[in-house]
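Scroll down for the structure; my scribbles are underneath it.
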Amino acid sequence: MFKTYQHAEELPERWDAVVADQFFLSKRVLEKLEKLNPCRQQYHLHREKKLALVSYQIKLDIFTFAEGFSLKLPIRVIGIPLSVSGRGYKAEPEDLEELSLYIRSLQGFYVVLNAGEGLRLASGNTLPTCKIDLGWYTFGCYVNSMRSHYRYRVKKAIEKFSEVKIEKLADVGLFDEEMYCLYEAVYENSKEKLEKLSIHFFREFPATIFTFKVHGKIVGFVQLLEKKKELIFLFGGFDHSINQKYDLYMNMLLQIIRYGIEQGCHSIDLGQTAEETKLKLGAIQYPQRMYVHHSNNLLNKIISSRVAPFSYKKYEVFHKVFKGEKDENSAGKMP
């Protein structure tokens with residue numbers, strides 16, 4: 001039996017006990033997100049079992065991963081209302097059947113994003129999470145551990161970045177319109193759009209922001225969060241017009257890796273987009289599932305029959321970035 005709460009502040013103490021190992025599902029974070037990214041959130045908690053989920057409403061293009069198709073519909077998403085790779089539910093393996101039954105009992109169109117295996121709903125693939133395990137004492141050790149063609153590509157990128165000044169924002173409240181425009185540019189260029197965050201999110205969400213400047217002008221930024229020795233790349237923005245000149249995006253990722261190593265982190269969650277570039281820097285893909293259900297039986301049959309063909313098509317090239325790994329297909333080489 002579930003109870004639904006309309007506001008995070010109403011959640012009982014038991015909520016945090018249930019979702020204890022999932023930072024983005026904690027009551028404190030959910031209260032923050034409800035303020036900074038209001039999207040009709042609801043919170044569902046089983047009265048007895050360790051079952052909890054968050055849902056929110058957006059207009060989602062159900063053909064996001066299909067070329068030439070677009071159809072935006074109002075949908076309730078079971079996920080983190082922040083476009084991060086974490087799951088929007090907590091369930092023990094033995095309770096996945098009950099969770100599936102509960103989702104099927106909800107009225108309307110529901111999409112479960114960034115899910116694991118085991119839910120008994122129509123499913124397909126969504127964007128994988130790209131993570132890199134850090135086993136180096138210094139950034140130099142990381143670069144030197146690469147096979148020659150990857151190392152050459154990284155060093156060439158770093159050379160292009162010599163004019164760029166990297167600064168840590170002293171206070172996230174200093175995040176300004178100039179930086180927000182860079183975020184908007186990335187958002188508008190993204191094929192996998194969810195909710196668009198306001199400037200207030202960047203000014204108030206507790207995170208670390210690095211800016212990248214050329215001749216005093218901010219041309220990029222990254223927003224990072226560190227939890228339990230994992231560094232999480234939340235959001236970023238950059239000037240696409242000078243991306244090639246400075247190898248801007250790759251260097252931003254390299255700065256994240258450098259910072260993670262310097263902070264003594266064990267791993268970095270680099271997010272779910274631009275997987276080719278991230279894999280060429282040594283990240284590994286972790287598959288994520290997407291589930292759909294509509295309370296109308298006819299619509300559910302139609303939607304369920306199309307979810308697999310229109311889901312994410314996996315990037316299939318395997319990159320053996322580091323020395324000692326087996327040889328790869330030539331298609332995996334850095335340009």
> How long, wide and thick is the chain, going by the Cα atoms along their three principal axes, in whole angstroms, largest first?
Replying inline: 58, 46, 38
>> Just to check, using Stokes-Einstein with a Kirkwood Rh over alpha carbon pairs, what's the diffusion coefficient of the stretch 124-175 at 37 °C and 0.692 mPa s in µm²/s?
In response: 226 µm²/s
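Ratio of the stretch 133-291's C-alpha Rg to 2.2 N^0.38 Å, to two decimals? Walk me through the numbers on the way to the answer.
Values: Rg = 15.4 Å, N = 159, 2.2 N^0.38 = 15.1 Å.
Ratio of Rg to 2.2 N^0.38 Å for the stretch 133-291: 1.02.
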> How far, in degrees from 0 to 90, does helix 248-262 lean away from the longest principal axis of the Cα atoms of the chain, to the nearest 10?
Replying inline: 80 degrees
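Given an 8 Å cut-off on Cα distances and at least 6 residues of separation, report the relative contact order of the chain as a percent.
Values: 620 pairs, mean separation 72.1, N = 335.
Relative contact order comes out at 22 percent.
Counting Lys and Arg as +1 and Asp and Glu as -1, each charge on the Cβ, what is the dipole of the stretch 111-169 about the Cα centre in debye, to the nearest 20?
Details: 10 positive and 5 negative charges, 49 e Å.
Value, rounded to 20: 240 debye.
Decide, for the stretch 150-235, between rounded, prolate and oblate: order the square roots of the alpha carbon gyration tensor eigenvalues as a ≥ b ≥ c, take rounded if a/c falls under 1.5, and otherwise choose prolate if a/b is larger than b/c, else oblate. Present the calculation step by step, with values, prior to reporting the outcome.
Numbers: a/c = 1.41, a/b = 1.38, b/c = 1.02.
Taking the square roots of the gyration eigenvalues as a ≥ b ≥ c, the stretch 150-235 is rounded.
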> What is the stretch 204-289 by shape, rounded, prolate or oblate, if you read a ≥ b ≥ c off the alpha carbon gyration tensor as root eigenvalues and call it rounded for a/c under 1.5, prolate for a/b larger than b/c, and oblate otherwise?
Replying inline: oblate
> Nearest 0.05, what FRET efficiency do Asn296 and Ile199 give at R0 = 30 Å with Cβ-Cβ as r?
Replying inline: 0.20
> Convex hull over the alpha-carbon atoms of the stretch 79-210: what's its volume per residue in Å³?
Replying inline: 207 Å³
>> With bins 10 Å wide starting at 0, give me the P(r) of the stretch 1-128 over every alpha carbon pair, in whole percents.
In response: 12, 46, 34, 8, 1
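May I ask you to give the solvent-accessible area per residue for the stretch 184-255, in square angstrom, as obtained with a 1.4 angstrom probe?
On the way: 3020 Å² over 72 residues.
Roughly 42 Å² per residue, with all protein chains present.
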> Where in the chain lies the longest segment free of GluC sites (Glu not before Pro) that are both loop residues by DSSP (not H, G, I, E, B) and have at most 10 other Cβ atoms within 10 Å?
Replying inline: 164-315
>> Once neighbouring chains are kept in place and the probe is 1.4 Å, which whole percent of the accessible area of the chain is contributed by carbon and sulfur?
In response: 51 percent
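Pull out a ≥ b ≥ c, the square roots of the eigenvalues of the alpha-carbon gyration tensor of the stretch 199-247, then state rounded if a/c is under 1.5, prolate if not and a/b is larger than b/c, and oblate in the remaining case. Show your work: numbers first, answer last.
Values: a/c = 2.59, a/b = 1.78, b/c = 1.46.
The shape class here is prolate.
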> By how many nm would the segment from Lys155 to Tyr315 lengthen if fully extended, with 0.36 nm per residue of separation less the alpha-carbon distance?
Replying inline: 55.1 nm
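Helix-only estimate, please: 222 nm mean residue ellipticity of the chain, summing -39500 (n - 2.57) across DSSP H runs of length 4 or more and dividing by its residues, to the nearest 500. Could the numbers behind the result be given before it?
Working: 11 runs with 99 residues, N = 335.
Result for the chain: -8500 deg cm²/dmol, rounded to the nearest 500.
The values are calculated or read from the model by the stated rules, or taken from the named source; none is laboratory data. These figures come from a predicted structure and were not determined experimentally. Please note: Cβ atoms are built from the backbone with ideal geometry, for glycine as well, and neighbour counts cover all protein chains shown. To get the accessible areas, we keep the full protein, side chains included, count just its heavy atoms, and leave off ligands, DNA and RNA. Shrake-Rupley method; radii C 1.70, N 1.55, O 1.52, S 1.80 Å.
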